[in-house]
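This report concerns only the one structure given below.
The values are calculated or read from the model by the stated rules, or taken from the named source; none is laboratory data. Not measured: the values here are computed from a predicted model. Reconstructed Cβ throughout: ideal geometry from the backbone, glycine too, with neighbour counts over all protein chains shown.
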Amino acid sequence: MNRVFLIGFCALIAAAIGGGLWVVGGPNHARLMTQDADRLAALVDWHNRLRCLGRSQGLPDSLEAAETCPDTVVFEGDLSPFDAVTGVPYVYTRLGGPAFEVCATLALDLQETGRLRADMEMRAGNVVCLAGIAAPDRKE
């Protein structure tokens, strides 16, 4: 009787561990979520840098040509125009005038989990974009 109880208890523990991994997605899913969080943070950093550059000296032609913004008070650090995991460049598009957008391809569909900021747009193929306007400061 004790042996049956032990086997049942072990099966219950194994089912609980398996269920927990199924619910949270396991270590690979967690790694992909961390990588996507880094990509989203990079989009926000690029958005802020491009808005600052657009106000002070005009939008750059490419992310590679974007310098550190001279008007920034916060330390920006080294901001790469390339995804740190895949090496694929972030997509920067000038939309006309002071408008622009910067996009990245995510590993997971974060729209289902609700982890996107309200100003980010999810597109087909897990591409997420953040648009901005780099209007010059008003001189009064």
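Points to keep in mind about this one:
- Considering (1) at pLDDT below 90; (2) outside any loop (DSSP other than H, G, I, E, B); (3) not charged (D, E, K, R), the lone condition that CYS129 does not fulfil carries the number (1).
- Qualifying residue in region 85-104 (condition: at pLDDT below 85, part of a loop (DSSP other than H, G, I, E, B) and in contact with a Cys (Cβ under 9 Å, 6 or more places away or on another chain)): no
- Whichever residue in region 65-79 is of a type in the set (D, E, K, R) and modelled with pLDDT under 70 and, among such residues, is surrounded by the fewest Cβ atoms within 10 Å (Cβ to Cβ): ASP71
- LEU108 at pLDDT 85 or above, aliphatic (A, V, I, L, M) and surrounded by 11 or more Cβ atoms within 10 Å (Cβ to Cβ): yes
- The number of residues in region 38-64 that are assigned to a helix (DSSP H, G or I), over 16 Å from ALA131 (Cβ atoms) and either modelled with pLDDT of 90 or more or touching a helix residue (DSSP H, G or I) at 6+ places or on another chain (Cβ under 7 Å) (or both) comes to 3.
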